[in-house]
Structures are given as C-alpha cells and as structure tokens.
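Trainee: This structure is in structure tokens; I'll ask about it shortly.
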Amino acid sequence: MLRLALLASFLVITLAEARPRVAVLTDGSREQRCSMVRLLLYLDGLKLESLLHQGDGAWIEERLGFYAQCQLRLQENAPSFPEAAELRAAVRQASVPTILEQLLQPSKERLHFLVWSGGDEVIEALSQIEQEHADQKVLVAKRTSIHFLGELSGSALAGLKEWPEMEVIMTDKQGAVLGEDWKSHVEGTYADVLKSHWMATNILQKHGPLCASYEAHGADAVGPHMAGEFYAESPSLTFLRLVPNGLGSHINPSYGGWGGRYELLPGFANVWRDASDEESPGKSVWRWLTHLQGDWSARADWCVRGPGRTNHPPAAAVNGNVGSSVLRAKAKAGQKLSLDASASTDADEQRIGKAWWHYTEASSYEEMVDMDRSLTDKIEFTVPFDTKPQTHHLMVTIRDGGTPSLFAYRRLLIEAEAGQDSSPPASAPVLSGKAVDARKVSLTWTPVTDAESGIRHYQLYRDDVLVKGDLTEARFIDETLPEATTFRYHVVALNGALLPSAPSNSLKLATVADTAAPELDTVRVSSSQLTLTFTEKLERKSAEMPGSYLLTTGAEISKARLSADDLTVTLTTSPLPLTKTPCFLVVTGVRDLAVTPNGVAAGTSYSFLYEDSE
C-alpha cells in the first residue's frame with residue numbers, strides 16, 4: 001500500500017510493509033540454540049513460516065514448551081506474539097524435499113530464508129527448481145531472500161549467479177561480533193552488555209524458563225569469573241536485520257542495521273557480503289550493540305511481567321509521519337529540508353530524546369556531512385552539492401527514559417539530483433598563522449563562499465605539497481614538524497563541483513628552537529625489566545647507554561633499548577630484589593633530538609616498591 005505525506009516542501013512516498021516472513025534451517029548447535037531463544041522473543045514483529053531442523057529436534061520442542069509458559073505474558077505486552085501451537089505446526093524435519101516445498105510455496109510476500117546450517121541442501125533445492133520447475137524459477141527468485149552464515153564456495157556462487165533476481169546474503173566477519181570470540185571484536189564499553197553480570201541480571205535469572213534456557217558460558221569452559229557470559233549468536237544477525245524498528249534494513253542489505261550492513265559481491269547483481277562502517281566490518285554490528293541488547297532485555301522482562309511493569313519501544317515520527325517505514329524523497333542539491341521529530345511518542349508516556357545523524361557509509365555521498373544533533377526536535381538539513389546524483393541516509397534515533405532504555409529509528413532516504421556549476425569560487429582565502437612551539441604551527445584563513453554550489457572543503461599545502469585535502473573548517477594545526485625550520489603555506493577552496501579557487505596568499509612560518517628537556521612520563525616495572533616512556537623523542541645514542549640509568553636496589557642494568565617510536569626505553573636488569581623500602585631509578589645524560597640537544601633535568605628519578613609493582 002502506498003501512502004503520501006508532506007515532508008518539508010517536497011513529496012515523500014512510504015511503502016507500508018507486512019511483517020517479514022521467515023523460514024529457518026538449523027542443525028541445533030549450541031550457538032543456534034542460543035539464537036533460537038532470542039528469535040522466539042521477536043516473533044511479535046516477524047512471522048515464522050517454517051522451522052526446519054536437521055537431526056533430533058527435541059531441543060526445539062523443549063524451547064517451544066518454555067515459550068508456551070511465557071506466551072500469555074508476552075501477548076499482554078505485544079498482542080501479535082503467536083500461539084505456541086502455531087509455532088509447533090511450523091516445525092519440520094529438514095530435507096531437500098521440504099526445502100524445495102518451502103521455496104515453491106506461493107506467496108505475494110517475500111520469504112526470508114535464514115540458513116543457519118544446511119547450505120548445500122539449499123543449493124541442491126535451487127538446482128532442482130532449475131531442472132524440474134523452470135517455469136517457476138523467476139517467481140521463486142523474486143519472492144525469496146536467502147541469508148547464509150559464512151562465505152559460499154566458488155561453485156555455489158557460480159550457481160547463484162544464474163539467479164540474478166533472488167537476493168542472497170552472506171554473513172561472515174560481521175558475525176564475529178556476536179560469535180564465540182566476541183571479546184576480540186567488540187570495542188570498549190560496548191562489551192559490557194555481553195558480560196556475566198549484565199547477562200545474569202537482564203536475561204538468565206528471574207526471567208522465566210525460556211530465558212533461563214539460554215546456554216551462556218559455563219565456569220568449566222571459561223573460568224569462574226566469566227561464568228554466565230554471553231555465548232555466541234552469529235545466526236541472530238539474520239533475523240535482527242529484519243526487525244521492524246524503523247531502520248528498514250530488511251528492504252535493502254546496504255542500508256545497515258542491527259543485523260549488520262552489506263555490499264554487493266563484485267561481479268554479482270544479487271549476492272551481498274559484509275560491508276564495513278569506518279573500515280571496520282565489526283562496527284556495522286557493534287555500533288548497535290547496546291541498543292539491541294537493551295531491547296532483548298526488555299523482551300526478557302515481558303516473559304514474566306505485565307505491561308504496567310515493563311518498558312516498550314517508543315514510536316518515531318518525522319514531520320507528523322508516524323511509523324517504521326523508510327521515508328523516501330527527491331531533492332535538489334542545495335535544497336534546505338526542515339525536519340521535525342516532535343510527534344514521536346512513547347507508549348509508556350516517558351520522556352524521549354532525539355538524535356539526528358547522517359549515515360555516511362549507507363549513503364552514496366561518501367564525504368562526512370555535519371548534521372549530528374542531539375536533544376532537539378527540529379533540524380534543517382542542506383542537501384550537499386554534487387555534480388553526480390547522490391543518495392543520503394538521514395537518521396533520527398528516538399530513545400525513551402525507561403529501564404532499559406529502548407530505541408526506535410526513522411530513516412529518510414534522500415535522492416539528490418545532480419547539480420551544475422562550471423565556475424570556480426570567485427574569491428581566494430586569506431591565510432594567517434603563527435608558530436605554537438618547536439613542532440607545531442597554527443593556521444587560520446578567511447572562509448570562502450560560492451553562490452552556486454557552496455564550498456565543499458579546503459586544501460592546505462606546505463611547500464607546494466598537499467598536507468590535508470578535506471578540511472571543512474577554516475583552520476588547521478600542523479604538528480610533528482622539525483624545530484627551527486621555515487615553511488611556506490597556501491590554501492585553496494574547492495566548491496561543490498570540486499572546482500578550485502585561486503590560491504591564497506603564500507605565508508611563511510618558522511617553528512621555534514627546541515629548548516625543552518625531555519621528561520620521564522611513565523615507568524612500568526617487572527622482575528627483570530623496566531619500561532620508560534619519555535615526553536619527546538630521544539637521541540638513540542644517549543638513550544641506549546646503560547650508564548645513563550642507575551638503580552639504587554643493588555640490581556644492575558645490562559641493556560637499554562630505544563623503541564621505534566623514539567619515546568620508549570626498555571631496560572633489561574638483573575632480578576629486582578623484593579624490598580619494603582623504596583627503590584630509585586635515576587636518569588642522567590639522556591638527550592632529545594633537538595638541533596641543540598637538551599638533556600633530562602638533573603635529579604630526574606622514579607621511586608617504586610617492586611613488591612607492589614606487578
């Protein structure tokens with residue numbers, strides 16, 4: 001069903017989509033059993049068409065029994081949760097004939113076939129369609145999306161090339177974020193929602209039999225301090241991509257969302273592989289990790305509590321258009337779009353926050369666009385100028401004030417027409433600057449305007465060599481320069497058509513002489529080694545002389561080695577004796593790399609107790 005809405009001063013077309021239909025093919029491995037627990041809690045937004053299992057399916061019946069015990073509570077929180085009996089009717093033994101029957105089943109809605117295992121059987125079923133049901137091949141292709149875990153073989157890919165109208169997705173490296181080795185792939189505080197305390201509090205304990213059946217890490221496998229941690233759920237990415245949360249990632253794999261982001265495999269019109277956000281295939285998943293884990297936590301609450309004691313996701317609205325479908329619009333380069341999320345609401349009547357951002361990796365326009373805004377209902381977005389047609393994915397994230405905080409999103413897909421500009425900027429920047437210290441100069445210049453296409457960025461040159469070519473602000477600090485040296489700078493402004501202005505004035509600046517002595521910044525101590533870090537780069541000869549260092553512990557220094565960064569010195573010592581009185585490391589004679597070298601200050605020392613050092 002098509003629906004028309006007015007957004008700013010241009011037309012928006014939204015496509016209302018039914019709940020995504022899914023079929024799952026599983027072998028019941030531990031990782032897949034963990035994913036099944038989560039899948040059952042998302043069936044208010046997904047329609048489980050069939051559940052095909054390889055081997056003994058007793059584990060499925062057990063979890064459906066747990067689901068049945070939670071069903072009434074789940075339906076109180078979200079009435080669209082299915083009956084347990086309906087799910088039991090969808091369970092079947094996997095085989096090529098049952099897969100074939102599933103693929104041939106007529107439907108107007110696309111089927112998302114989630115292949116957690118049994119990829120060879122799926123390929124064989126497609127081959128049989130080509131051989132025995134050739135008249136239905138195009139229909140099957142158009143109404144089927146197949147999502148495989150792992151990369152497919154060359155022969156399988158060659159066969160799928162004969163199905164250009166069927167969407168095929170492969171999750172490989174992105175799956176590692178929710179894989180068994182997640183500790184190596186999840187950055188910073190994002191990992192907190194996978195650790196044992198979070199899992200025990202939010203999922204494993206006091207959330208009913210279904211959540212308790214989640215097979216988290218056990219003490220026998222990982223040690224008592226890690227018992228209860230998140231196990232592995234790479235298969236979950238296949239259905240998290242389909243959750244109707246406003247990201248719209250089920251419409252096109254390149255959009256990105258909870259299940260990762262994908263790009264076309266070179267040479268294919270239908271096969272998608274892992275894509276990277278900021279050159280990291282993991283970030284396309286872990287950037288959403290706290291959101292999707294919080295959402296899972298809320299659903300775990302739904303298993304045991306009624307609506308008055310649980311949290312529910314907010315609803316995002318843009319310019320009065322409420323819902324989760326992707327908003328699409330056409331616009332001209334330079335057009336200003338007024339966007340308003342004030343009609344967003346929360347079912348639990350909590351305060352909500354908004355954040356606007358430009359999803360650069362999902363957009364065809366690859367340069368950074370400054371539209372990040374938080375805690376504001378309304379923003380104005382100016383469509384960047386480009387001589388080629390471009391797409392922009394504008395995002396608004398809505399966060400409620402509940403516990404856990406829940407999120408809704410809205411994606412605005414802007415199709416920008418190509419702009420035309422054949423004249424460069426009329427004026428040139430005026431450059432000024434000053435030396436900051438021995439290694440650094442500060443540069444500023446007057447901003448330039450261009451009435452036709454605006455200024456896209458500036459290019460800074462040092463001695464006629466490009467230093468930085470994508471500056472969006474009229475300032476730059478040039479660092480790590482040699483001391484007491486003169487440089488010549490100029491700046492060029494590029495407009496939206498990437499036509500350059502005349503060069504700015506040429507500016508000569510000189511760094512000052514280095515008169516500051518290096519300082520001892522940090523020391524790490526182990527039984528036969530001390531690692532020293534200094535505040536500036538050192539002269540290798542003086543830094544690697546064992547006689548430049550003295551220990552008052554009775555231990556001897558046999559070797560001093562300067563690392564490649566020229567800042568870190570590693571001292572090899574005889575075993576340090578355990579002592580209850582402070583030991584002293586005295587540094588003398590170590591010099592920096594200045595034209596006139598500066599030695600460390602007299603009396604530079606570090607005291608430590610070796611028994612406390614490790």
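Trainee: Which value, in debye to the nearest 20, gives the size of the charge dipole of the range 386-455 about its Cα centre, when Lys and Arg are +1 and Asp and Glu are -1 at the Cβ?
Mentor: Working: 7 positive and 8 negative charges, 99 e Å.
Roughly 480 debye for the range 386-455.
Trainee: While we're looking at this one, here's another question. Taking the convex hull of the alpha carbon atoms in the range 267-364, what volume per residue do you get, in Å³? Present the calculation step by step, with values, prior to reporting the outcome.
Mentor: Values: hull volume 17.4 nm³, N = 98.
Per residue, the Cα convex hull of the range 267-364 comes to 178 Å³.
Trainee: Can you find, among G208, S254, S324, the residue sitting farthest towards the positive end of the charge dipole of the range 187-341, where Lys and Arg contribute +1 and Asp and Glu -1 at Cβ?
Mentor: S324
Trainee: Ok, one more. Helix 119-132: angle to the longest alpha-carbon principal axis of the chain, degrees 0 to 90, nearest 10?
Mentor: The angle comes out near 50 degrees.
Trainee: Cβ under 12 Å from R309's Cβ, R309 left aside: what net charge do those residues give with Lys, Arg +1 and Asp, Glu -1? Walk me through the numbers before you get to the answer.
Mentor: Numbers: positive: R73, R305; negative: E76, D301, D348.
That sum, taken over residues with Cβ under 12 Å, equals -1.
Trainee: Work through the residues other than T568 whose Cβ is under 15 Å from its Cβ and net out their charges, Lys, Arg +1 and Asp, Glu -1. Could you put the intermediate results ahead of the total?
Mentor: Details: positive: R524, K537, R540, K559, R561; negative: E519, D521, E536, E539, E544, D565, D566, D592.
Summing Lys and Arg as +1 and Asp and Glu as -1 gives -3.
Trainee: Let me know the charge dipole size of the range 520-613 about its Cα centre in debye, to the nearest 20, where only the beta-carbon of Lys, Arg (+1) and Asp, Glu (-1) is charged.
Mentor: So the dipole magnitude of the range 520-613 works out to roughly 180 debye.
Trainee: So, with +1 on the Cβ of K and R and -1 on the Cβ of D and E, and no other charges, what is the size of the charge dipole of the chain about its Cα centre, to the nearest 20 debye?
Mentor: 1080 debye
Trainee: Taking the range 345-486 as the region of interest, what is the percent of Cα-Cα pairs per 10 angstrom bin, listed from the shortest bin to the one with the maximum distance?
Mentor: 9, 27, 26, 21, 13, 4, 0
Trainee: Okay, next question. Just to confirm my understanding: which cysteines in the chain have no other cysteine beta carbon less than 4.7 Å from their beta carbon?
Mentor: C34, C211, C583
Trainee: Search the structure for amide H atoms under 5 Å from the amide H of L111, placed 1.01 Å from N in the peptide plane, and list their residues when 5 or more places away or on another chain.
Mentor: The answer is T144, S145.
Trainee: Now, a different point. Which of the peptides 231-239, 443-451 is most tightly packed, and how do the rest follow, judged by the mean count of other Cβ atoms within 10 Å per residue?
Mentor: Peptide ranking by packing, descending: 231-239, 443-451.
Trainee: As I understand it, the value is the acute angle between the Cα axis of helix 289-302 and the longest principal axis of the Cα atoms of the chain; what does it come to in degrees, rounded to 10?
Mentor: Once rounded, the angle reads 40 degrees.
Trainee: Considering the dipole of the chain built from charges on the beta carbon (Lys and Arg +1, Asp and Glu -1) around the Cα centre, which of A58, S344, P575 is farthest to its positive end?
Mentor: Farthest along the dipole direction, towards plus: S344.
Trainee: Oh, and also: For the chain, how big is the tail of P(r) above 49 Å, as a whole percent of Cα pairs?
Mentor: Beyond 49 Å sits 32 percent of the P(r) for the chain.
Trainee: Restricting everything to alpha-carbon atoms, can you work out Rg to Rh for the range 115-233 with a Kirkwood hydrodynamic radius?
Mentor: 1.15
Trainee: Along the charge dipole of the range 64-124, pointing to its positive end and built from +1/-1 on Cβ of Lys, Arg, Asp and Glu, which listed residue (Q71, T98, F113) has its Cα farthest out?
Mentor: Going by the Cα projections, it comes out as Q71.
Trainee: Follow-up. What is the sum of charges around C211, taking Lys and Arg as +1, Asp and Glu as -1, for the other residues whose C-beta is under 10 Å from the C-beta of C211?
Mentor: Value of the local net charge: +2.
Trainee: Can you grab the distance from the C-alpha centre of the range 63-134 to the C-alpha centre of the range 386-460, Å, no decimals?
Mentor: Computed from Cα coordinates, the inter-centre distance equals 46 Å.
Trainee: A follow-up question, please. Taking the range 431-510 on its own, what percent of its Cα-Cα pair distances exceed 23 Å? Walk me through the intermediate numbers first.
Mentor: Numbers: 605 of 3160 pairs.
Roughly 19 percent, rounded to a whole number.
Trainee: Sorted by average packing, counted as other Cβ atoms within 10 angstrom per residue and highest first, what order do 530-543, 512-525 take?
Mentor: For the peptides 530-543, 512-525, the packing ranking is 530-543, 512-525.
Trainee: Same structure, new question: By how many degrees, 0 to 90 and rounded to 10, does the Cα axis of helix 58-77 deviate from the longest principal axis of the chain?
Mentor: Roughly 90 degrees between the two axes.
Only the coordinates and a few stated rules stand behind these numbers; no lab work does. All values derive from a computational prediction rather than experimental measurement. Because the Cβ atoms are built from the backbone with ideal geometry, glycine has one as well, and the counts that use them run over all protein chains shown.
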